[in-house]
1. Give me the dipole magnitude in Debye, nearest 20, for segment 73-132 about the Cα centre, with unit charges on the beta carbon: positive for Lys and Arg, negative for Asp and Glu.
2. Amide H neighbours of Asp6 under 5 Å, at least 5 residues apart or on other chains, H built in the peptide plane: list them.
3. What list of ³J(HN,Hα) values in whole Hz, one per residue of segment 46-55 in order, does the Karplus curve 6.51 cos²θ - 1.76 cosθ + 1.60 (θ = phi - 60°) give from phi, with Gly and Pro shown as x?
4. Provide the per-residue ³J(HN,Hα) series for segment 84-91, in order, calculated from phi with Karplus coefficients 6.51, -1.76, 1.60 and θ = phi - 60°, each as a whole number of Hz, with x at glycine and proline positions.
5. Amide H neighbours of Ala101 under 5 Å, counting only residues 5+ apart in sequence or on other chains, H built in-plane at 1.01 Å?
6. So, for segment 64-138, what is the accessible surface per residue at a probe of 1.4 Å, expressed in square angstrom?
7. Can you list the HN-Hα couplings for segment 119-134, worked out from phi with the Karplus curve (6.51, -1.76, 1.60; θ = phi - 60°), rounded to whole Hz and with x for Gly and Pro?
8. Can you give me the long-range amide H partners of Gly128? Hydrogens built in the peptide plane at 1.01 Å from N, cutoff under 5 Å, separation of 5 or more residues or another chain.
Amino acid sequence: MAVSEDLLWDAADKSTRTAPRLLRTAVAAGCLGLVLWAVSDAMWAIRAVAACVLVGFAYLVWDRRRLVEVRIVAGEAGGPARLRLRHAGGRTTDHGPQRVARVLVVHDNVVDSAKLRLRLRKGPLFFGRPGRAPELAAWRETCPRAAVGSRGALWGMPGIPD
């Protein structure tokens, strides 16, 4: 396996949009709550604010599994190389390549982009934000025990109106 900090996955959008989105959700919930409070009884306002907060929290939990970058990095103290996953929220985690069970690259049928599905053994399924399609040979070399494959998307066929 190469240890030169090779880039295996690179998303087109690497921004951490979570904090501004949650702030906008909280402001919108507050404004909606005030409007509903003035128009009707207080229970509608409380329910609207609670619904907006729950939707924001659900988005935060969903976005934690989204990847923006996957790199091969050298292991500590001359150990084996590791995969460094950078998540959408800015958090990074390191995993051994032997833990990767499946790598699936889903190619978009309309635009030149792809999405990554990365499953770890006894671990969660990670979703990559859309980006350029990676070379599958690098994934096969890096994670020899993983099932590496690609397929086309199941929607958005060119030439067929939606």
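1. Dipole about the Cα centre, nearest 20: 240 debye.
2. Placed amide hydrogens put Ile72 under 5 Å from Asp6.
3. Those phi angles translate into 5, 5, 5, 5, 4, 5, 5, 5, 5, 5 Hz.
4. Listing the rounded values in order: 9, 9, 9, 8, 4, x, x, 6 Hz.
5. For Ala101, whose amide H was placed from the backbone, the distant partners under 5 Å are Arg119, Leu120, Arg121.
6. Here the per-residue accessible area is 50 Å².
7. 10, 9, 5, 6, x, x, 9, 9, 10, x, 5, x, x, 5, 5, x
8. Long-range HN contacts for Gly128: Leu67, Leu116, Arg117, Leu118.
The values are calculated or read from the model by the stated rules, or taken from the named source; none is laboratory data. Everything quoted here is computed from the prediction, not taken from an experiment. Reconstructed Cβ throughout: ideal geometry from the backbone, glycine too, with neighbour counts over all protein chains shown. All accessible areas refer to the heavy atoms of the entire protein, side chains included, with ligands and DNA or RNA removed. Shrake-Rupley method; radii C 1.70, N 1.55, O 1.52, S 1.80 Å.
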